[in-house]
Amino acid sequence: MTAPTTAPARARTHPDWWQDAVIYQVYPRSFADSDGDGCGDLAGIRSRLGYLRELGVDALWISPFYTSPQADGGYDVADYRAVDPVYGTVGDADALITDAHALGLRVIVDVVPNHCSDQHPWFLQALREGSGSPLRARFHFRPGRGPGGEEPPNDWISLFGGPAWTRTTDPDGTPGEWYLHLFAPQQPDLNWDSTAVRDEFRSILRFWLDLGVDGFRIDVAHGLVKAPGLPDLGRHEQLGLLGEQLVPYFDQDGVHEIYRSWRTLLEEYPGQRIAVAEAWTKTLDRTARYVRPGELHQAFNFKFLNAPWDADGLRELIALSLASMHAVDAPTTWTLSNHDVIRHASRYAEGDPARGLRRARAAALLMLALPGSAYLYQGEELGLPEVTDIPDEVRQDPAFHRSDGGHGLRDGCRVPLPWSGTGAPYGFGPVPGGPAWLPQPAEWAELSVEAQTGDPRSVLELYRSALHVRRSNPALGAGRSVEWLDLAPGVLAFRRDSEAGALVCTVNTTGEPVRIAGGGLGALLLSSAEPQPAQSSGQVLLAADSTSWWQAG
Ligand code: GLC
(Lines give C-alpha, C1' and ligand atoms only; values in the text may rest on other atoms or scores of the structure.)
Protein backbone atom coordinates (compact mmCIF):
# COMPACT_ATOMS: atom_id res chain seq x y z
CA MET A 1 0.00 0.00 0.00
CA THR A 2 1.42 3.39 -0.87
CA ALA A 3 1.12 6.21 1.63
CA PRO A 4 -1.21 8.83 0.19
CA THR A 5 -0.39 12.39 -0.42
CA THR A 6 -3.04 14.78 0.85
CA ALA A 7 -6.27 14.07 -0.98
CA PRO A 8 -7.55 16.83 -3.22
CA ALA A 9 -10.09 19.13 -1.58
CA ARG A 10 -13.40 18.59 -3.24
CA ALA A 11 -16.37 19.08 -1.02
CA ARG A 12 -16.81 22.84 -1.26
CA THR A 13 -17.21 22.82 -5.01
CA HIS A 14 -18.56 19.37 -5.81
CA PRO A 15 -22.15 19.51 -7.10
CA ASP A 16 -24.54 17.38 -5.03
CA TRP A 17 -21.61 16.96 -2.68
CA TRP A 18 -23.61 15.01 -0.12
CA GLN A 19 -24.65 12.18 -2.44
CA ASP A 20 -21.32 10.40 -2.10
CA ALA A 21 -19.68 12.41 0.69
CA VAL A 22 -17.65 10.79 3.46
CA ILE A 23 -18.67 12.49 6.68
CA TYR A 24 -16.75 12.12 9.94
CA GLN A 25 -18.67 12.21 13.22
CA VAL A 26 -17.00 14.19 15.97
CA TYR A 27 -18.24 13.46 19.49
CA PRO A 28 -16.94 16.75 20.88
CA ARG A 29 -16.47 15.67 24.45
CA SER A 30 -14.02 12.97 23.40
CA PHE A 31 -12.26 14.39 20.36
CA ALA A 32 -9.65 16.91 21.53
CA ASP A 33 -9.40 19.00 24.69
CA SER A 34 -7.71 22.37 24.21
CA ASP A 35 -7.92 23.71 27.76
CA GLY A 36 -7.00 20.71 29.89
CA ASP A 37 -10.29 20.27 31.75
CA GLY A 38 -10.59 16.66 30.59
CA CYS A 39 -13.46 17.39 28.17
CA GLY A 40 -13.02 17.96 24.46
CA ASP A 41 -14.08 21.34 23.08
CA LEU A 42 -14.60 23.36 19.90
CA ALA A 43 -11.10 24.86 19.99
CA GLY A 44 -9.78 21.29 20.20
CA ILE A 45 -11.74 20.30 17.10
CA ARG A 46 -10.52 23.41 15.33
CA SER A 47 -6.92 22.54 16.12
CA ARG A 48 -7.37 19.11 14.53
CA LEU A 49 -9.06 20.14 11.30
CA GLY A 50 -5.81 19.58 9.43
CA TYR A 51 -5.92 15.95 10.54
CA LEU A 52 -9.42 15.52 9.09
CA ARG A 53 -8.46 17.27 5.90
CA GLU A 54 -5.47 15.00 5.51
CA LEU A 55 -7.54 11.94 6.37
CA GLY A 56 -9.55 12.83 3.30
CA VAL A 57 -13.13 13.24 4.55
CA ASP A 58 -15.51 15.73 2.98
CA ALA A 59 -17.33 16.96 6.07
CA LEU A 60 -17.70 16.71 9.84
CA TRP A 61 -20.86 16.06 11.76
CA ILE A 62 -20.42 17.42 15.29
CA SER A 63 -22.62 15.95 18.04
CA PRO A 64 -24.31 18.53 20.32
CA PHE A 65 -22.19 21.25 21.90
CA TYR A 66 -25.09 23.46 22.99
CA THR A 67 -25.80 24.68 26.50
CA SER A 68 -26.78 21.58 28.41
CA PRO A 69 -26.66 20.10 31.91
CA GLN A 70 -25.17 17.02 30.15
CA ALA A 71 -27.72 14.59 31.54
CA ASP A 72 -27.39 12.72 28.22
CA GLY A 73 -24.05 13.85 26.81
CA GLY A 74 -25.50 17.10 25.45
CA TYR A 75 -28.62 15.52 23.89
CA ASP A 76 -30.50 17.43 26.59
CA VAL A 77 -30.37 20.98 25.27
CA ALA A 78 -31.18 23.96 27.48
CA ASP A 79 -30.37 26.65 24.91
CA TYR A 80 -30.28 25.71 21.24
CA ARG A 81 -28.60 28.94 20.18
CA ALA A 82 -25.73 28.94 22.67
CA VAL A 83 -22.58 26.89 23.14
CA ASP A 84 -22.03 25.23 26.50
CA PRO A 85 -19.08 26.86 28.30
CA VAL A 86 -17.45 23.41 28.49
CA TYR A 87 -17.17 23.50 24.70
CA GLY A 88 -16.52 27.21 24.14
CA THR A 89 -18.58 30.02 22.67
CA VAL A 90 -20.61 30.77 19.56
CA GLY A 91 -17.51 32.68 18.44
CA ASP A 92 -15.53 29.42 18.65
CA ALA A 93 -18.21 27.68 16.56
CA ASP A 94 -18.02 30.48 14.01
CA ALA A 95 -14.23 30.23 13.84
CA LEU A 96 -14.40 26.46 13.52
CA ILE A 97 -16.85 26.66 10.61
CA THR A 98 -14.76 29.34 8.90
CA ASP A 99 -11.54 27.34 9.25
CA ALA A 100 -13.22 24.13 8.10
CA HIS A 101 -14.56 25.83 5.01
CA ALA A 102 -11.15 27.26 4.23
CA LEU A 103 -9.82 23.68 4.26
CA GLY A 104 -12.61 22.44 1.98
CA LEU A 105 -14.47 20.69 4.80
CA ARG A 106 -18.19 21.13 5.40
CA VAL A 107 -19.73 21.17 8.86
CA ILE A 108 -22.97 19.52 9.92
CA VAL A 109 -24.37 20.03 13.41
CA ASP A 110 -26.87 18.08 15.45
CA VAL A 111 -30.39 19.32 16.01
CA VAL A 112 -32.34 17.72 18.84
CA PRO A 113 -36.05 18.35 18.19
CA ASN A 114 -37.74 15.43 19.96
CA HIS A 115 -36.98 16.70 23.44
CA CYS A 116 -35.14 19.47 25.22
CA SER A 117 -33.56 19.68 28.67
CA ASP A 118 -35.63 19.99 31.81
CA GLN A 119 -33.54 23.15 32.33
CA HIS A 120 -34.85 24.71 29.11
CA PRO A 121 -36.63 28.01 29.97
CA TRP A 122 -39.91 26.80 28.43
CA PHE A 123 -40.02 23.73 30.63
CA LEU A 124 -38.94 25.55 33.78
CA GLN A 125 -41.68 28.14 33.24
CA ALA A 126 -44.28 25.48 32.42
CA LEU A 127 -43.46 23.84 35.76
CA ARG A 128 -43.54 27.13 37.64
CA GLU A 129 -46.93 28.06 36.22
CA GLY A 130 -48.46 24.71 37.20
CA SER A 131 -51.38 22.79 35.68
CA GLY A 132 -53.27 24.85 33.13
CA SER A 133 -50.21 26.86 32.03
CA PRO A 134 -50.49 27.44 28.26
CA LEU A 135 -46.76 26.67 28.01
CA ARG A 136 -47.56 23.07 28.92
CA ALA A 137 -49.03 22.61 25.42
CA ARG A 138 -45.44 22.67 24.14
CA PHE A 139 -44.79 19.41 26.01
CA HIS A 140 -46.89 16.32 26.77
CA PHE A 141 -48.33 17.04 30.20
CA ARG A 142 -51.23 14.80 31.33
CA PRO A 143 -53.08 14.07 34.54
CA GLY A 144 -52.24 10.68 36.01
CA ARG A 145 -54.54 7.68 36.02
CA GLY A 146 -56.07 5.90 38.98
CA PRO A 147 -57.01 7.27 42.40
CA GLY A 148 -55.32 10.61 42.99
CA GLY A 149 -53.70 10.43 39.55
CA GLU A 150 -50.94 8.30 41.01
CA GLU A 151 -50.47 6.13 37.94
CA PRO A 152 -48.68 7.37 34.80
CA PRO A 153 -51.00 8.50 31.97
CA ASN A 154 -50.09 5.48 29.83
CA ASP A 155 -47.86 2.42 29.91
CA TRP A 156 -44.94 3.71 27.86
CA ILE A 157 -41.47 2.80 29.11
CA SER A 158 -38.50 5.16 28.72
CA LEU A 159 -35.86 3.97 26.30
CA PHE A 160 -33.39 4.55 29.11
CA GLY A 161 -35.37 2.40 31.56
CA GLY A 162 -38.26 3.07 33.97
CA PRO A 163 -41.56 4.76 33.12
CA ALA A 164 -41.61 7.31 30.28
CA TRP A 165 -43.52 9.68 32.59
CA THR A 166 -42.48 11.69 35.62
CA ARG A 167 -44.92 13.35 37.97
CA THR A 168 -44.54 17.04 38.70
CA THR A 169 -45.24 18.97 41.85
CA ASP A 170 -47.53 21.96 41.57
CA PRO A 171 -46.38 25.37 42.85
CA ASP A 172 -48.48 24.84 46.01
CA GLY A 173 -46.55 21.66 46.80
CA THR A 174 -49.29 19.18 45.83
CA PRO A 175 -48.63 16.35 43.34
CA GLY A 176 -49.42 17.61 39.86
CA GLU A 177 -49.50 16.42 36.26
CA TRP A 178 -47.12 14.00 34.62
CA TYR A 179 -44.88 14.79 31.64
CA LEU A 180 -43.64 12.49 28.91
CA HIS A 181 -39.96 11.73 28.35
CA LEU A 182 -39.10 8.93 25.96
CA PHE A 183 -35.52 9.21 27.21
CA ALA A 184 -34.27 10.45 30.61
CA PRO A 185 -36.58 12.45 32.94
CA GLN A 186 -34.23 15.38 32.25
CA GLN A 187 -35.34 15.23 28.58
CA PRO A 188 -39.03 16.23 28.34
CA ASP A 189 -40.54 15.45 24.92
CA LEU A 190 -41.69 18.43 22.94
CA ASN A 191 -45.20 18.44 21.47
CA TRP A 192 -44.94 18.92 17.72
CA ASP A 193 -48.67 19.71 17.45
CA SER A 194 -47.70 23.07 18.93
CA THR A 195 -47.11 25.86 16.42
CA ALA A 196 -44.69 27.48 18.86
CA VAL A 197 -42.51 24.36 18.79
CA ARG A 198 -42.55 24.22 14.99
CA ASP A 199 -41.72 27.93 14.68
CA GLU A 200 -38.98 27.72 17.27
CA PHE A 201 -37.15 24.93 15.48
CA ARG A 202 -37.37 26.67 12.12
CA SER A 203 -35.78 29.66 13.82
CA ILE A 204 -33.07 27.47 15.41
CA LEU A 205 -32.25 25.96 12.02
CA ARG A 206 -31.93 29.46 10.59
CA PHE A 207 -29.65 30.54 13.43
CA TRP A 208 -27.09 27.87 12.59
CA LEU A 209 -27.54 28.14 8.82
CA ASP A 210 -26.91 31.87 9.10
CA LEU A 211 -23.73 31.07 10.99
CA GLY A 212 -22.68 28.98 7.99
CA VAL A 213 -23.32 25.33 8.84
CA ASP A 214 -23.80 23.01 5.90
CA GLY A 215 -26.56 20.94 7.42
CA PHE A 216 -28.05 19.03 10.31
CA ARG A 217 -28.13 15.55 11.72
CA ILE A 218 -31.66 15.20 13.10
CA ASP A 219 -31.68 13.40 16.44
CA VAL A 220 -34.50 10.86 16.91
CA ALA A 221 -36.02 12.08 13.64
CA HIS A 222 -38.63 9.31 13.79
CA GLY A 223 -39.92 10.35 17.23
CA LEU A 224 -41.35 13.83 16.93
CA VAL A 225 -44.98 12.91 16.30
CA LYS A 226 -46.84 10.62 18.67
CA ALA A 227 -50.00 8.66 17.82
CA PRO A 228 -53.12 10.69 18.67
CA GLY A 229 -54.35 10.06 22.20
CA LEU A 230 -51.00 8.55 23.26
CA PRO A 231 -52.44 5.01 23.28
CA ASP A 232 -51.13 2.30 25.58
CA LEU A 233 -48.46 0.01 24.21
CA GLY A 234 -49.93 -3.05 25.88
CA ARG A 235 -46.46 -4.35 26.74
CA HIS A 236 -44.31 -3.61 29.69
CA GLU A 237 -40.85 -4.82 28.82
CA GLN A 238 -38.23 -2.17 28.16
CA LEU A 239 -37.60 -1.80 24.45
CA GLY A 240 -34.05 -1.44 23.17
CA LEU A 241 -32.36 1.95 23.14
CA LEU A 242 -33.66 2.68 19.70
CA GLY A 243 -35.71 -0.32 18.79
CA GLU A 244 -37.24 -1.02 15.46
CA GLN A 245 -40.61 -2.14 16.76
CA LEU A 246 -43.86 -0.58 15.64
CA VAL A 247 -44.79 1.65 18.55
CA PRO A 248 -47.12 4.65 18.86
CA TYR A 249 -44.26 7.05 19.47
CA PHE A 250 -41.97 6.22 16.54
CA ASP A 251 -42.14 6.58 12.76
CA GLN A 252 -45.61 8.09 12.68
CA ASP A 253 -46.59 9.43 9.26
CA GLY A 254 -46.98 12.96 10.65
CA VAL A 255 -43.22 13.48 10.90
CA HIS A 256 -42.88 13.79 7.14
CA GLU A 257 -44.76 17.06 6.89
CA ILE A 258 -42.20 18.57 9.28
CA TYR A 259 -39.31 17.44 7.12
CA ARG A 260 -40.91 18.75 3.95
CA SER A 261 -41.06 22.15 5.56
CA TRP A 262 -37.44 21.86 6.69
CA ARG A 263 -36.35 20.94 3.18
CA THR A 264 -38.02 24.06 1.84
CA LEU A 265 -36.15 26.09 4.44
CA LEU A 266 -32.80 24.45 3.60
CA GLU A 267 -33.34 25.16 -0.09
CA GLU A 268 -33.58 28.88 0.67
CA TYR A 269 -29.88 28.84 1.50
CA PRO A 270 -27.12 28.66 -1.12
CA GLY A 271 -24.59 25.85 -1.31
CA GLN A 272 -26.67 22.70 -0.78
CA ARG A 273 -27.34 22.62 2.94
CA ILE A 274 -28.47 19.13 3.93
CA ALA A 275 -30.21 17.14 6.64
CA VAL A 276 -29.64 13.54 7.64
CA ALA A 277 -32.19 11.60 9.67
CA GLU A 278 -31.44 9.42 12.62
CA ALA A 279 -34.56 7.34 12.04
CA TRP A 280 -34.66 3.79 13.38
CA THR A 281 -37.42 2.16 11.37
CA LYS A 282 -38.81 -1.31 10.99
CA THR A 283 -37.99 -1.67 7.29
CA LEU A 284 -35.77 -0.01 4.72
CA ASP A 285 -38.90 1.05 2.84
CA ARG A 286 -39.89 3.02 5.92
CA THR A 287 -36.39 4.57 6.05
CA ALA A 288 -36.75 5.55 2.39
CA ARG A 289 -39.82 7.63 3.23
CA TYR A 290 -37.54 10.13 4.99
CA VAL A 291 -35.59 10.78 1.79
CA ARG A 292 -38.43 11.04 -0.69
CA PRO A 293 -38.24 13.97 -3.10
CA GLY A 294 -38.87 17.15 -1.14
CA GLU A 295 -37.90 15.60 2.20
CA LEU A 296 -34.49 15.00 3.78
CA HIS A 297 -31.29 14.36 1.88
CA GLN A 298 -30.06 11.35 3.82
CA ALA A 299 -31.14 8.77 6.40
CA PHE A 300 -28.69 6.47 8.13
CA ASN A 301 -28.88 2.85 7.04
CA PHE A 302 -28.90 1.19 10.47
CA LYS A 303 -29.71 -2.21 8.95
CA PHE A 304 -26.22 -2.17 7.45
CA LEU A 305 -24.71 -1.21 10.80
CA ASN A 306 -26.48 -4.14 12.45
CA ALA A 307 -25.79 -6.70 9.71
CA PRO A 308 -23.77 -9.81 10.59
CA TRP A 309 -20.47 -10.44 8.77
CA ASP A 310 -21.75 -12.85 6.15
CA ALA A 311 -21.48 -12.57 2.36
CA ASP A 312 -24.99 -13.73 1.46
CA GLY A 313 -26.71 -11.67 4.13
CA LEU A 314 -24.70 -8.57 3.27
CA ARG A 315 -25.42 -8.96 -0.42
CA GLU A 316 -29.12 -9.28 0.20
CA LEU A 317 -29.13 -6.29 2.52
CA ILE A 318 -27.05 -4.07 0.25
CA ALA A 319 -29.23 -4.93 -2.75
CA LEU A 320 -32.38 -4.21 -0.77
CA SER A 321 -30.92 -0.94 0.54
CA LEU A 322 -29.99 0.28 -2.93
CA ALA A 323 -33.38 -0.74 -4.33
CA SER A 324 -35.35 0.87 -1.50
CA MET A 325 -33.53 4.18 -1.84
CA HIS A 326 -33.49 4.03 -5.63
CA ALA A 327 -37.28 3.76 -5.54
CA VAL A 328 -37.38 7.29 -4.08
CA ASP A 329 -34.44 8.51 -6.15
CA ALA A 330 -32.13 8.86 -3.14
CA PRO A 331 -28.63 7.61 -2.43
CA THR A 332 -27.98 5.22 0.44
CA THR A 333 -26.21 6.49 3.57
CA TRP A 334 -23.92 3.83 5.01
CA THR A 335 -22.50 3.75 8.50
CA LEU A 336 -20.82 1.17 10.72
CA SER A 337 -20.51 2.97 14.05
CA ASN A 338 -21.64 5.98 16.02
CA HIS A 339 -21.67 7.22 19.61
CA ASP A 340 -24.61 4.96 20.56
CA VAL A 341 -23.42 1.54 19.46
CA ILE A 342 -20.60 -0.90 20.23
CA ARG A 343 -17.59 -0.04 18.10
CA HIS A 344 -17.58 -2.31 15.07
CA ALA A 345 -14.04 -3.61 15.65
CA SER A 346 -15.51 -5.22 18.80
CA ARG A 347 -18.92 -6.01 17.35
CA TYR A 348 -17.35 -8.13 14.64
CA ALA A 349 -14.85 -9.81 16.98
CA GLU A 350 -17.05 -12.61 18.33
CA GLY A 351 -14.53 -13.14 21.12
CA ASP A 352 -11.40 -12.67 18.99
CA PRO A 353 -10.12 -9.05 18.83
CA ALA A 354 -7.76 -9.82 15.92
CA ARG A 355 -10.70 -11.14 13.91
CA GLY A 356 -12.71 -8.07 14.87
CA LEU A 357 -9.99 -5.78 13.58
CA ARG A 358 -9.59 -7.72 10.32
CA ARG A 359 -13.30 -7.52 9.71
CA ALA A 360 -13.45 -3.85 10.70
CA ARG A 361 -10.78 -3.04 8.11
CA ALA A 362 -12.59 -5.11 5.52
CA ALA A 363 -15.98 -3.60 6.37
CA ALA A 364 -14.59 -0.07 5.97
CA LEU A 365 -13.38 -0.86 2.45
CA LEU A 366 -16.69 -2.53 1.62
CA MET A 367 -18.63 0.51 2.83
CA LEU A 368 -16.39 2.93 0.95
CA ALA A 369 -16.84 0.99 -2.30
CA LEU A 370 -20.63 1.19 -2.23
CA PRO A 371 -22.65 3.83 -4.05
CA GLY A 372 -23.76 6.60 -1.73
CA SER A 373 -22.51 8.51 1.25
CA ALA A 374 -20.65 7.07 4.25
CA TYR A 375 -20.44 8.30 7.85
CA LEU A 376 -17.36 7.43 9.90
CA TYR A 377 -17.30 7.65 13.69
CA GLN A 378 -14.25 9.20 15.32
CA GLY A 379 -11.68 6.60 16.27
CA GLU A 380 -12.80 3.94 13.82
CA GLU A 381 -9.97 5.13 11.57
CA LEU A 382 -7.66 4.09 14.42
CA GLY A 383 -9.34 0.69 14.77
CA LEU A 384 -10.35 1.53 18.34
CA PRO A 385 -12.16 -1.26 20.16
CA GLU A 386 -15.03 -0.82 22.59
CA VAL A 387 -13.79 -0.18 26.14
CA THR A 388 -15.59 -2.64 28.37
CA ASP A 389 -13.90 -2.15 31.75
CA ILE A 390 -14.93 1.40 32.58
CA PRO A 391 -15.55 1.61 36.35
CA ASP A 392 -19.24 2.05 37.20
CA GLU A 393 -18.62 5.22 39.17
CA VAL A 394 -17.26 7.13 36.17
CA ARG A 395 -19.84 5.93 33.65
CA GLN A 396 -22.10 8.72 32.47
CA ASP A 397 -24.61 7.07 30.15
CA PRO A 398 -27.96 7.86 31.82
CA ALA A 399 -29.37 4.50 30.78
CA PHE A 400 -26.65 2.73 32.78
CA HIS A 401 -27.79 4.28 36.02
CA ARG A 402 -31.52 3.94 35.26
CA SER A 403 -31.23 0.24 34.55
CA ASP A 404 -28.89 -0.76 37.38
CA GLY A 405 -26.14 -1.36 34.85
CA GLY A 406 -28.23 -3.72 32.70
CA HIS A 407 -28.22 -1.30 29.76
CA GLY A 408 -26.53 1.93 28.83
CA LEU A 409 -22.99 0.89 28.12
CA ARG A 410 -22.50 3.63 25.54
CA ASP A 411 -19.55 5.17 27.37
CA GLY A 412 -17.48 2.31 25.95
CA CYS A 413 -17.46 3.89 22.48
CA ARG A 414 -17.02 7.43 23.81
CA VAL A 415 -13.59 7.16 25.43
CA PRO A 416 -11.38 10.15 24.48
CA LEU A 417 -9.22 9.66 21.40
CA PRO A 418 -5.50 8.87 21.66
CA TRP A 419 -3.51 11.33 19.57
CA SER A 420 0.11 10.92 20.67
CA GLY A 421 2.56 10.00 23.38
CA THR A 422 2.96 7.02 25.64
CA GLY A 423 0.88 8.01 28.65
CA ALA A 424 -2.71 9.13 29.23
CA PRO A 425 -4.32 11.30 28.05
CA TYR A 426 -2.31 10.49 24.89
CA GLY A 427 -2.43 14.03 23.57
CA PHE A 428 -6.21 14.29 24.03
CA GLY A 429 -5.53 17.17 26.44
CA PRO A 430 -2.62 19.61 26.43
CA VAL A 431 -0.93 18.38 29.62
CA PRO A 432 0.82 15.00 29.93
CA GLY A 433 -0.79 13.16 32.81
CA GLY A 434 -3.77 15.55 32.66
CA PRO A 435 -7.39 14.51 32.95
CA ALA A 436 -9.71 12.79 30.49
CA TRP A 437 -13.40 12.49 31.36
CA LEU A 438 -13.26 8.72 30.84
CA PRO A 439 -10.14 6.62 31.46
CA GLN A 440 -8.25 5.50 28.35
CA PRO A 441 -6.82 1.96 28.21
CA ALA A 442 -3.02 1.66 28.47
CA GLU A 443 -2.95 -0.25 25.16
CA TRP A 444 -4.14 2.86 23.37
CA ALA A 445 -0.59 4.27 23.23
CA GLU A 446 -0.05 1.92 20.30
CA LEU A 447 -3.26 3.04 18.63
CA SER A 448 -2.61 6.77 18.72
CA VAL A 449 -2.61 8.87 15.57
CA GLU A 450 1.10 9.46 16.09
CA ALA A 451 1.87 5.75 16.51
CA GLN A 452 -0.06 4.78 13.39
CA THR A 453 1.02 7.58 11.08
CA GLY A 454 3.44 6.34 8.46
CA ASP A 455 2.95 2.67 9.33
CA PRO A 456 1.58 1.19 6.10
CA ARG A 457 -0.04 -1.69 8.02
CA SER A 458 -1.98 0.58 10.35
CA VAL A 459 -5.72 1.10 10.24
CA LEU A 460 -5.16 4.84 9.98
CA GLU A 461 -3.04 4.53 6.84
CA LEU A 462 -5.61 2.12 5.39
CA TYR A 463 -8.35 4.74 5.86
CA ARG A 464 -6.15 7.49 4.45
CA SER A 465 -5.36 5.40 1.40
CA ALA A 466 -8.97 4.34 0.94
CA LEU A 467 -10.27 7.89 1.11
CA HIS A 468 -7.56 9.07 -1.24
CA VAL A 469 -8.35 6.34 -3.78
CA ARG A 470 -12.06 7.07 -3.42
CA ARG A 471 -11.46 10.75 -4.16
CA SER A 472 -9.57 10.02 -7.32
CA ASN A 473 -11.78 7.18 -8.53
CA PRO A 474 -15.39 8.15 -9.27
CA ALA A 475 -16.41 4.50 -9.55
CA LEU A 476 -16.33 4.47 -5.75
CA GLY A 477 -19.19 6.23 -4.08
CA ALA A 478 -20.90 7.56 -7.18
CA GLY A 479 -23.93 6.03 -8.87
CA ARG A 480 -26.83 4.08 -7.48
CA SER A 481 -26.16 0.42 -8.29
CA VAL A 482 -23.59 -2.36 -8.35
CA GLU A 483 -23.18 -5.35 -10.65
CA TRP A 484 -22.92 -8.47 -8.50
CA LEU A 485 -20.29 -11.08 -9.33
CA ASP A 486 -20.40 -14.72 -8.21
CA LEU A 487 -16.79 -15.61 -7.52
CA ALA A 488 -16.78 -18.10 -4.65
CA PRO A 489 -18.92 -19.09 -1.67
CA GLY A 490 -18.42 -16.63 1.19
CA VAL A 491 -17.01 -13.98 -1.15
CA LEU A 492 -19.09 -10.89 -1.75
CA ALA A 493 -18.04 -9.28 -5.02
CA PHE A 494 -19.33 -6.53 -7.21
CA ARG A 495 -18.29 -4.32 -10.07
CA ARG A 496 -18.73 -0.57 -10.35
CA ASP A 497 -18.50 1.19 -13.69
CA SER A 498 -17.92 4.86 -14.27
CA GLU A 499 -16.64 7.05 -17.05
CA ALA A 500 -13.23 6.98 -15.41
CA GLY A 501 -13.06 3.19 -15.49
CA ALA A 502 -14.35 0.12 -13.74
CA LEU A 503 -13.60 -1.20 -10.31
CA VAL A 504 -14.19 -4.58 -8.70
CA CYS A 505 -14.57 -5.01 -4.95
CA THR A 506 -14.04 -8.45 -3.42
CA VAL A 507 -14.91 -9.20 0.20
CA ASN A 508 -13.88 -12.53 1.65
CA THR A 509 -16.15 -12.85 4.68
CA THR A 510 -14.88 -16.29 5.61
CA GLY A 511 -12.24 -17.03 8.23
CA GLU A 512 -10.11 -18.85 5.62
CA PRO A 513 -8.17 -17.63 2.58
CA VAL A 514 -10.11 -18.18 -0.65
CA ARG A 515 -8.45 -18.75 -4.02
CA ILE A 516 -10.25 -17.26 -7.00
CA ALA A 517 -9.50 -16.83 -10.68
CA GLY A 518 -7.84 -13.45 -11.13
CA GLY A 519 -8.93 -12.92 -14.73
CA GLY A 520 -11.02 -9.76 -15.02
CA LEU A 521 -9.89 -8.42 -11.68
CA GLY A 522 -7.16 -6.17 -13.04
CA ALA A 523 -4.57 -4.41 -10.95
CA LEU A 524 -4.90 -4.25 -7.19
CA LEU A 525 -5.78 -0.76 -6.00
CA LEU A 526 -5.97 -1.38 -2.29
CA SER A 527 -6.59 -4.21 0.14
CA SER A 528 -7.45 -4.40 3.81
CA ALA A 529 -5.28 -7.52 4.04
CA GLU A 530 -1.69 -7.49 5.25
CA PRO A 531 0.28 -8.60 3.34
CA GLN A 532 -1.48 -7.40 0.20
CA PRO A 533 -2.84 -10.20 -2.03
CA ALA A 534 -0.60 -11.26 -4.89
CA GLN A 535 -1.67 -12.60 -8.27
CA SER A 536 0.16 -15.56 -9.73
CA SER A 537 -0.69 -17.72 -12.73
CA GLY A 538 -4.06 -16.05 -13.04
CA GLN A 539 -5.04 -16.91 -9.45
CA VAL A 540 -5.58 -14.62 -6.51
CA LEU A 541 -5.61 -15.59 -2.86
CA LEU A 542 -8.05 -13.48 -0.89
CA ALA A 543 -7.00 -13.42 2.76
CA ALA A 544 -9.49 -14.34 5.48
CA ASP A 545 -11.87 -11.48 6.34
CA SER A 546 -10.48 -9.05 3.81
CA THR A 547 -11.68 -6.61 1.18
CA SER A 548 -9.74 -5.66 -1.94
CA TRP A 549 -10.35 -3.08 -4.61
CA TRP A 550 -9.26 -3.94 -8.16
CA GLN A 551 -8.99 -1.63 -11.12
CA ALA A 552 -10.93 -3.68 -13.67
CA GLY A 553 -10.43 -3.46 -17.40
C1 GLC B 1 -30.14 9.82 19.89
C2 GLC B 1 -28.70 10.11 20.24
C3 GLC B 1 -28.42 9.49 21.58
C4 GLC B 1 -29.32 10.12 22.60
C5 GLC B 1 -30.77 9.97 22.19
C6 GLC B 1 -31.63 10.88 22.99
O7 GLC B 1 -30.37 8.51 19.69
O8 GLC B 1 -27.89 9.62 19.23
O9 GLC B 1 -27.09 9.65 21.95
O10 GLC B 1 -29.14 9.51 23.84
O11 GLC B 1 -30.96 10.37 20.85
O12 GLC B 1 -31.39 12.20 22.62
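The values are calculated or read from the model by the stated rules, or taken from the named source; none is laboratory data. Model, not experiment: these values are computed from the prediction. For neighbour counting, all protein chains shown are included, and Cβ atoms are generated from backbone atoms with ideal geometry for every residue, glycine included.
Given the conditions (1) charged (D, E, K, R); (2) modelled with pLDDT of 95 or more; (3) away from the ligand (no atom under 16 Å from the Cβ), report the number of the one that Asp172 does not fulfil.
With (1) charged (D, E, K, R); (2) modelled with pLDDT of 95 or more; (3) away from the ligand (no atom under 16 Å from the Cβ) applied to Asp172, the lone miss is (2).
Do you know which of the residues in segment 156-190 that are in contact (Cβ under 8 Å) with a residue 40 or more places away in the chain and outside any loop (DSSP other than H, G, I, E, B) is farthest from the chain's Cα centre (by Cα)?
Gly176
Kindly indicate the residue of segment 316-356 that is more than 20 Å from the chain's Cα centre (by Cα) and touching a residue at least 60 places away in the same chain (Cβ under 8 Å) and also surrounded by the most Cβ atoms within 10 Å (Cβ to Cβ) among those meeting that condition.
Across segment 316-356, the extreme among qualifying residues is Arg355.
Can you report the number of residues in segment 277-297 which are away from the ligand (no atom under 16 Å from the Cβ) and of a type in the set (Val, Ile, Thr)?
Number satisfying all stated conditions: 2.
In segment 123-138, how many residues are in a helix (DSSP H, G or I), more than 15 Å from Leu180 (Cα to Cα) and either in contact (Cβ under 8 Å) with a residue 24 or more places away in the chain or touching a strand residue (DSSP E or B) at 6+ places or on another chain (Cβ under 8 Å) (or both)?
2
If Gly130 satisfies every condition in (1) more than 16 Å from the ligand (Cβ to nearest atom); (2) modelled with pLDDT of 95 or more; (3) crowded, with 16+ Cβ neighbours inside 10 Å but one, which is the exception?
Unmet for Gly130, out of (1) more than 16 Å from the ligand (Cβ to nearest atom); (2) modelled with pLDDT of 95 or more; (3) crowded, with 16+ Cβ neighbours inside 10 Å: (2).
Among the residues of segment 381-389, is any farther than 28 Å from Glu278 by Cα and either exposed (fewer than 15 other Cβ atoms within 10 Å of the Cβ) or modelled with pLDDT of 95 or more (or both)?
yes
Could you list, in sequence order, the residues of segment 80-96 that are surrounded by fewer than 16 Cβ atoms within 10 Å (Cβ to Cβ) and either in a loop (DSSP other than H, G, I, E, B) or modelled with pLDDT under 95 (or both)?
Within segment 80-96, Pro85, Thr89 qualify.
Which pairs have Cβ atoms under 6 Å, sit 6 or more apart or on different chains, and link a residue in segment 206-235 that is under 13 Å from Asp189 (Cα atoms) and free of Cβ contacts under 8 Å to residues at least 40 places away in the same chain to one that is away from the ligand (no atom under 16 Å from the Cβ) and among the hydroxyl-bearing types (Ser, Thr, Tyr)?
Note: no pairs meet the criteria.
Farther than 28 Å from Gln187 by Cα and buried (at least 16 other Cβ atoms within 10 Å of the Cβ): does that describe Gly408?
No: the conditions fail for Gly408.
Report yes if Glu461 is closer than 21 Å to Arg46 by Cβ, not polar (S, T, N, Q) and not in a loop (DSSP other than H, G, I, E, B), otherwise no.
Answer is no for this residue.
When residues of segment 330-385 are filtered for being of a type in the set (A, V, I, L, M, F, W, C), farther than 19 Å from Asp110 by Cα and either within 16 Å of the ligand (Cβ to nearest atom) or not in a helix (DSSP H, G or I) (or both), how many remain?
Selection size over segment 330-385: 5.
Quick check: is even one residue across segment 97-112 in a helix (DSSP H, G or I) and either within 16 Å of the ligand (Cβ to nearest atom) or buried (at least 23 other Cβ atoms within 10 Å of the Cβ) (or both)? First the steps, then the outcome.
First pass over segment 97-112, keeping only residues in a helix (DSSP H, G or I): 97-102.
Adding the requirement that they be either within 16 Å of the ligand (Cβ to nearest atom) or buried (at least 23 other Cβ atoms within 10 Å of the Cβ) (or both) leaves 97, 100.
For segment 97-112, residues in a helix (DSSP H, G or I) and either within 16 Å of the ligand (Cβ to nearest atom) or buried (at least 23 other Cβ atoms within 10 Å of the Cβ) (or both): present.
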